[in-house]
Amino acid sequence: MLPRPTVIRAGFTGIGASVALALFVASEGDSETVADTSQLSPSLATKVVLVAAAGAVIAAAELNSRLVPLAVLVPLGLFAVAFQLRTEPSVPAVLTQLTAVFGAAQLAKYVTTGFYFGGSDSFAHVAAVDALIEARYTTAIPHGYDLYPVFHFVIGAVKHATGLPTYDALVLTGIGLLTLVVPIAYLLGWSVFGSQRLGLLAAFSVTLLEFFSYHALYFYPQALASVFLLIALYINSQLRQATDERAFRRLSVFVIALVAMMVFTHHLTYLLFAVVAAVAIPIALGRRYLFGQSAARRRLLRYRWLFPGVIGAVFLLAYWSYSPSLITVGIVELTAGVLFDVATMPTQQLFTYGVTLPVDSVDRAVAWLLTPTGLYASGLGALLLVAAYELLAEFRSYQQGFTLTVTGLSLSVLLLPLPIAIPQIERLKFVVTLVVLFPLAVGLKRVLSVDRRYAIVALVVIATLGGATTFTVLVADDLTETYIDEPRQQVSMSDSEFESVGAASTFLQRYGDGPAATDRVTNRAFETSGFNATRTLQARPSGLRTGGTYLVAREQWTDHLVALGRGLRTGELNSFTVSDARFRAAEATQTKVYTSGSVTVYRSEDGFRRLYGTNGTAL
């Protein structure tokens, strides 16, 4: 039986269902464009949003905090866009405004986070781009990405063309490409639904899904591959609608080149997208019985629908047969081992050295419902339920786009908080996000068609969801003000801390006479300077221990959960927290051989044992 606080957190489903039912009932009647006498001038609205977006980024940079600027810009900007979408909107104006709001939110995060590394892969990719530029051949790219170098070629090209540091080239490329998803989603929605209005609503949906915002800064090969997937879906949709052989051949050449490039971009993305395809296939097969189609039309659509996927699968299998990815092999081996009980997942434990973690309670569960993450879950659930109601009531109106809409709706539950932890589910969620655009567009269309008496309520719901998306625990993982859970892992470093880590690695490379150990984040940061701490740091009930001669500690350990090891295959997945008192006590008793800012290097010929004392809160 689930604990009571967990059950209360699940109350977001009841809140979402109540909001969805109210909005659906309020929109009963004509679901087409609402005739509203009050309209915003598209040019005036665009100018105001652009100025507000620029002002929010500047204010965030000056304040070194994006909390207040984005809390004003995003809800009000999306409110204005949603208001325009209740009538016949100007496509260029709406797209410009959505792009400005989304892009400004990402730039504001960029200027206030120093070195943002998210799940720590950014360190490795910065180091890989530097290695590629220096060596000038792909085999220099580590971690198996020499077989999938497109991402590093793109970042390297941007760095070469702009002269930016590698990190800035990586993040700004991510912001640029993920911001381009807004117009791409418009084109895709227009093509899939055959409606410019639904295309605009698909573009609007990009601003309401947290994974697009998150991966704009935490940009890595899967994010690039996902953008390519959206483009491939658009080209595939155009292929199905091509009316002459010349257009079909031109699109075919483009899609063949695209899927060929996608093969060299990422590996796991296409395995994960196979999950989406597996859900879509039975829906596509059942669609023809629901709506009915001629045999000739059915054969034509089947060929044009499968053509890009078949070509891509052939390229992918051929390439894997020629040069199999060690990463993919490792994932398959581990998954098969767990499924068939011949391998086990390493257990994870959290050790608290002098730290008292907040106890889960009913009060905290209720408070969670009012956090941006709780509001996001309720609002997203409400829009998806409205989409489900709309499809059930008016399914014949969505004959075009039915397969992708129902597929996205079926998988959308994965984007909502689940009561169980699933390792690495974020990777699958990002792929699922690509198809959840379609049911969200349907839900938004219905919500925006409410009666004029309730229009303000519908617009506030949408604006609140947009504002909450900007500050969820995923998107705003660096802002402790936005969540009430226990301390989380560090996701960004100030410029000074990153420089101190680099200085410590330089010291160890020059003067170190033995192996070093440190936490996972620090060791990933070492990659950017060509150093590696080869000894494992372990968290145990008696304290930290390692056989390394050197131990690199950082003051940020006292403010975060500190992950150890190097991932699933190392066997060390424990993490720890340490109080400031115990950290300072260790500082006073250990032999310090180097200090740079908040980073300290300890030395001991015999290694380290019982560092930070026993697990628990006693001093």
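The values are calculated or read from the model by the stated rules, or taken from the named source; none is laboratory data. Nothing here was measured: the structure is a model prediction, and the numbers come from that model. Neighbour counts are summed over all protein chains in view; Cβ atoms, including those assigned to glycine, are modelled from backbone coordinates with ideal geometry. Just the protein is used for accessible areas: all its heavy atoms, side chains included, with ligands, DNA and RNA removed. Shrake-Rupley method; radii C 1.70, N 1.55, O 1.52, S 1.80 Å.
Accessible area of the range 494-611 with a 1.4 Å probe: how many percent of it is carbon plus sulfur?
That fraction is 42 percent.
Could you pull out which residues in the range 1-20 have an amide N less than 16 Å from a spot 7 Å beyond the Cα of Glu486, following the Cα-Cβ vector?
Under cut-off, by backbone N: 3, 5-6.
From the alpha carbon gyration tensor of the chain, can you work out the equivalent ellipsoid semi-axes (sqrt of 5 times each eigenvalue) and give them in Å, largest to smallest?
Semi-axis lengths for the chain are 43, 29, 24 Å.
Please turn the phi angles of the range 549-562 into ³J(HN,Hα) values with the Karplus equation 6.51 cos²θ - 1.76 cosθ + 1.60 (θ = phi - 60°), one per residue in order, whole Hz, x for glycine and proline.
Once rounded to whole Hz, the list reads 6, 10, 10, 9, 10, 10, 4, 5, 4, 6, 10, 9, 6, 10.
Label the range 494-611 by shape, choosing from rounded, prolate and oblate, from the square roots a ≥ b ≥ c of the eigenvalues of the Cα gyration tensor; if a/c is under 1.5 it is rounded, and otherwise prolate applies when a/b is larger than b/c, oblate when it is not.
Note, shape of the range 494-611 comes out rounded.
Using a probe radius of 1.4 Å on heavy atoms only, what accessible surface per residue do you get for the chain? Whole Å² is fine.
Accessible area per residue: 43 Å².
Among the lysines, which have Cα under 28 Å from the Cα of Lys109 when same-chain residues fewer than 8 positions away are ignored?
Cross-link targets: Lys47, Lys159, Lys429.
What fraction of the DSSP beta bridges in the chain is antiparallel, stated in percent and rounded to the nearest 5?
65
Using helices alone, I'd like the mean residue ellipticity at 222 nm for the chain: each DSSP H run of four-plus residues gives -39500 (n - 2.57), total over residue count, nearest 500.
-20500 deg cm²/dmol
Quick one: compute the contact order of the chain, relative version, from alpha carbon pairs under 8 angstrom and 6+ residues apart, as a percent.
Relative contact order comes out at 20 percent.
What list of ³J(HN,Hα) couplings, whole Hz, do you get for the range 367-379 from phi and the Karplus terms 6.51, -1.76, 1.60, once you set θ to phi - 60° and write x for glycine and proline?
4, 4, 4, 9, 6, x, 5, x, 5, 4, 4, 5, x
Using a 1.4 Å probe over the heavy atoms of the protein chains, calculate the carbon and sulfur portion of the accessible area of the range 1-106 as a whole percent.
In the range 1-106, the share of accessible area belonging to carbon and sulfur is 70 percent.
Could you work out the relative contact order of the range 494-611, using alpha carbon pairs under 8 angstrom and six or more residues apart, expressed as a whole percent?
Over the range 494-611, the number comes to 30 percent.
Sorting check: for 144-151, 586-593, which peptide has the highest mean count of neighbouring beta carbons within 10 Å, and how do the rest follow?
Sorting 144-151, 586-593 by mean packing, highest first, produces 144-151, 586-593.
Could you derive backbone 3J(HN,Hα) for the range 254-260 from the dihedral phi with the Karplus parameters 6.51, -1.76 and 1.60 (θ = phi - 60°), listing whole Hz in sequence and x where the residue is Gly or Pro?
5, 5, 5, 5, 5, 5, 5
Carbon and sulfur atoms: what percent of the 1.4 Å accessible area of the range 137-197 do they account for?
Ligands and nucleic acids excluded, carbon and sulfur reach 69 percent.
Select from Ala468, Leu251, Gly77 the residue farthest towards the positive end of the dipole of the chain; place +1 on Cβ of Lys and Arg, -1 on Cβ of Asp and Glu, and compute about the Cα centre.
Highest projection toward the positive end goes to Leu251.
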